[in-house]
1. Restrict the check to the range 34-48 and report whether at least one residue is surrounded by fewer than 12 Cβ atoms within 10 Å (Cβ to Cβ), at pLDDT 75 or above and at negative phi.
2. Between 402, 383, 410, 362, which is closer than 23 Å to residue 292 by Cβ, buried (at least 22 other Cβ atoms within 10 Å of the Cβ), out of contact with any strand residue (DSSP E or B) (no Cβ under 8 Å at 6 or more places or on another chain) and in the same structural domain as residue 333 (by TED's automatic domain parsing)?
3. Return a yes/no flag: does the range 147-155 have any residue that is assigned to a helix (DSSP H, G or I) and farther than 13 Å from residue 40 by Cα.
4. Step by step: first the residues of the range 267-276, then only those that are touching a helix residue (DSSP H, G or I) at 6+ places or on another chain (Cβ under 6 Å) and surrounded by fewer than 18 Cβ atoms within 10 Å (Cβ to Cβ), then the one that is farthest from residue 406 (Cα to Cα). Which residue is that?
5. When the residues of the range 171-207 are narrowed to those that are under 14 Å from residue 42 (Cβ atoms) and either modelled with pLDDT under 90 or in contact with a strand residue (DSSP E or B) (Cβ under 7 Å, 6 or more places away or on another chain) (or both), which ends up surrounded by the most Cβ atoms within 10 Å (Cβ to Cβ)?
6. Being within 23 Å of the chain's Cα centre (by Cα) and either on the phi > 0 side of the Ramachandran plot or buried (at least 17 other Cβ atoms within 10 Å of the Cβ) (or both) narrows it down to one of 264, 284, 289, so name that one.
7. Can we say residue 71 is modelled with pLDDT of 75 or more, farther than 17 Å from residue 163 by Cβ and not assigned by TED's automatic domain parsing to the domain that holds residue 371?
8. Suppose we filter 82, 88 for residues that are crowded, with 21+ Cβ neighbours inside 10 Å and either assigned to a helix (DSSP H, G or I) or at pLDDT 75 or above (or both); which single one remains?
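The values are calculated or read from the model by the stated rules, or taken from the named source; none is laboratory data. All of these numbers come straight from a predicted model, not from anything done at the bench. As a convention, Cβ positions derive from the backbone with ideal geometry for all residues, glycine included, and neighbour counts pool all protein chains shown.
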């Protein structure tokens, strides 16, 4: 055999070995930042900043004109309208398509925020206009929010990575939005804040409008466009009933929401008014603002952690992480110093973000795409109603017990809820879904059949 033949044979053997190694190697993870997810991320990021600006804008712009009761009524109108209409938003998102509903809702919010911007630029807006625009904006969010969950499996092959990335963006928006709103109101007035908010929804609608969804399989086996409805031709009542049946058939899902209703009333709802009063009164308002910022820092870190960890039982892992959130109300109740206070808020923010990613991914990957928006609407309605009730009851509760004692109850509720989450087999044993070749995840059948 000549030297050239030997060299050629060696090259052939090397190439064969290389192909063998490549075939034995694990398949590469699909890219996250393709065109579809990049557009969706951009839409969510800009609208999240706009959403984060609004509570501060309402407090600083409406408060001087109509007082605390005026701020409460405007925000309460927004929340109440959302809770009343979010179930219908889930039905319409499944009928018309989540993307179309989200674009339409963004355009409505361009109108509401644009009208408010013009009213503030013109002078003192009438109170009836503020309440009316708050109701319209709340209705728009009720049409928008169910599709947020349903869109993720359509634009990302790995929902957990996508959810973690979106959670980081949400946390950064919560850090930047309020500070930006406060600065703009001081420098330029409320009209500028509302105008910028309207602009964020224009960008969001544009990005969502550019997304082109691939066909997905409906529950009946027929291919359907990602924007089309699997429920077309059925009645509104039947669609609501089907969404409820899908929701209640998953023990892990309704059990979590029941616990979250209790969390809303006893933990999340009263946490802000009680902790702001205690921290502000003891350490000054700047200390409370700093603690909220550190909570946001923790949320960023928790989102980044969720990008790396892929637990086999996501809800169990999230429940164990939520134990750390109990430190937030407890450190306030016990009068901790500023360093301990900030450390507890970082840990609490990280725990909350990690749970949020595990929960959102579980809902998205264990629910049929054809009913995902309606199921999301039911879980949103339960969660938000508990928080709203907790906010309403926080003030009257201080007539019965001190804010410190109430926050001790909040911390105990958090720990008891974590024990309950881990003690329910359907929650504790729910396994992580695995993505299929088509990119739509497949969920293994859990102990409750869901």
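1. yes
2. Step by step, each of 402, 383, 410, 362 is checked, and only 410 is closer than 23 Å to residue 292 by Cβ, buried (at least 22 other Cβ atoms within 10 Å of the Cβ), out of contact with any strand residue (DSSP E or B) (no Cβ under 8 Å at 6 or more places or on another chain) and in the same structural domain as residue 333 (by TED's automatic domain parsing).
3. Checked against the condition, which is being assigned to a helix (DSSP H, G or I) and farther than 13 Å from residue 40 by Cα, the range 147-155 yields no hits at all.
4. Across the range 267-276, the extreme among qualifying residues is 276.
5. So the residue we want is 173.
6. 264
7. No.
8. Of the residues listed, the single one that is crowded, with 21+ Cβ neighbours inside 10 Å and either assigned to a helix (DSSP H, G or I) or at pLDDT 75 or above (or both) is 82.
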